Structure formats: structure tokens, C-alpha cells
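**Student:** Before anything else, here's the structure in question.
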Amino acid sequence: MSDTQQPWKRINDKLQQVLQQYQVLQKDNDRLQKELKELKAKDALQARKVEELEIKIAALKTATGQLDEADKKELDKRLHLYIREIDRCIAMLSQ
């Protein structure tokens with residue numbers, strides 16, 4: 001090999017190595033993005049389940065009369081929120 005071709009070959013070899021590393025990293029990134037998406041979906045599902053269970057706990061406490069002052073305030077707050085939402089839906093339907 002001539003002296004002018006040797007640096008080009010080294011550059012080409014390094015470029016090939018960089019491209020291979022890029023492809024490996026790209027696949028790893030895709031896998032991690034997919035995993036992140038799945039974990040976010042699981043997290044959202046768990047958050048919904050927790051909220052549903054908290055509502056059930058509040059309903060059980062209300063039914064059995066075991067509410068303390070904080071729970072009563074939280075229940076009132078939640079009921080007012082539901083009533084406002086129902087009123088908003090009714091207003092939208094009457095338009």
C-alpha cells in the first residue's frame with residue numbers, strides 16, 4: 001500500500017467501527033424506548049388501580065360510618081367535584 005492510501009484505510013476502518021457502534025446503540029435505544037413505553041403504561045394502570053381502591057376505601061368508610069374529619073372533608077370535596085362535572089356535562093348536552 002502506498003503512503004497516501006494507508007491513512008484513508010485507517011479512516012475507513014474507524015468509520016466502519018463507528019457505524020457498527022451506532023447501529024448497536026440505535027438498537028439498544030429502540031429497546032429502551034419500548035421498555036420505557038411499557039413501564040409508563042404499567043405505571044398509569046397502577047395509578048388508576050390505586051385511585052379506584054382509594055374510592056372503594058372511602059365508600060366502605062362512609063358505609064360503615066368510620067369517617068374522621070379529614071375523610072369527611074375529602075369526601076365532600078370529591079362529591080362537589082363530581083357534581084360540578086355532572087353539571088358541566090348537563091350544560092353541554094343542553095346546548
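The values are calculated or read from the model by the stated rules, or taken from the named source; none is laboratory data. In this text the structure is predicted, and so the values were computed from the model without any measurement. Every residue, glycine among them, receives a Cβ derived from its backbone with ideal geometry; neighbour counts consider all protein chains shown. Surface accessibility is based on the protein's heavy atoms, side chains included, excluding ligands, DNA and RNA. Shrake-Rupley method; radii C 1.70, N 1.55, O 1.52, S 1.80 Å.
**Student:** Give me the number: length gained by fully extending Gln21 to Lys73, i.e. 0.36 nm times residue separation minus the C-alpha to C-alpha distance, one decimal in nm. If you can, show how the numbers build up before the last one.
**Tutor:** Numbers: separation 52, 0.36 × 52 = 18.72 nm, distance 5.84 nm.
Difference between extended and current length: 12.9 nm.
**Student:** Still on this structure, I have one more. Between Lys9 and Asp28, 0.36 nm times their residue separation minus their Cα-Cα distance comes to what?
**Tutor:** Working: separation 19, 0.36 × 19 = 6.84 nm, distance 2.86 nm.
So the extension gain works out to 4.0 nm.
**Student:** Sticking with this one: If you average over every viewing direction, what projected area does the convex hull of the Cα atoms of the chain give, in nm²? List each step's numbers first, then the result.
**Tutor:** Values: hull surface 53.9 nm².
Mean shadow area of the hull around the Cα atoms is 13.5 nm².
**Student:** Which lysines, if any, have their Cα less than 17 Å from the Cα of Lys37, not counting same-chain residues under 8 positions apart?
**Tutor:** By straight Cα distance, Lys37 reaches Lys27.
**Student:** Counting only other residues whose beta carbon sits under 12 Å from that of Lys49, what net charge do I get with K and R as +1, D and E as -1?
**Tutor:** Computed value for this residue: -1.
**Student:** Expressed as cubic angstrom per residue, what is the convex hull volume of the alpha carbon set of the stretch 42-95?
**Tutor:** Values: hull volume 5.2 nm³, N = 54.
Convex hull of Cα atoms, per residue: 96 Å³.
**Student:** Under a cut-off of 14 Å between alpha-carbon atoms, report the aspartates and glutamates in cross-link reach of Lys56, not counting same-chain residues fewer than 8 places apart.
**Tutor:** Correct list for Lys56: Asp71, Glu74.
**Student:** Next question. How high is the FRET efficiency from Ala41 to Leu81, r the C-beta distance, R0 25 Å, rounded to 0.05?
**Tutor:** The formula returns an efficiency of 0.45 here.
**Student:** Would you kindly derive the ³J(HN,Hα) couplings of the stretch 20-32 from the backbone phi angles with the Karplus curve 6.51 cos²θ - 1.76 cosθ + 1.60 (θ = phi - 60°), listing them in order in whole Hz, with x for Gly and Pro?
**Tutor:** 5, 5, 4, 5, 4, 5, 5, 5, 5, 4, 4, 5, 5
**Student:** Carbon-plus-sulfur fraction of the accessible area of the chain, 1.4 Å probe, in percent? Numbers along the way, then the final one.
**Tutor:** Details: 5410 of 9160 Å².
Carbon-and-sulfur percentage of accessible area, whole number: 59.
**Student:** Right, another one. Counting only heavy atoms of the protein chains, get the accessible area per residue of the chain (1.4 Å probe) and round it to a whole Å² value.
**Tutor:** Values: 9160 Å² over 95 residues.
Accessible area per residue: 96 Å².
**Student:** Name the residue farthest towards the positive end of the dipole of the chain from the options Tyr82, Gln5, Leu15, assuming +1 on Cβ of Lys and Arg, -1 on Cβ of Asp and Glu, about the Cα centre.
**Tutor:** Gln5
**Student:** Straight-line reach from Lys14: which aspartates and glutamates fall under 19 Å, measuring Cα to Cα and dropping same-chain residues less than 8 apart?
**Tutor:** Asp3
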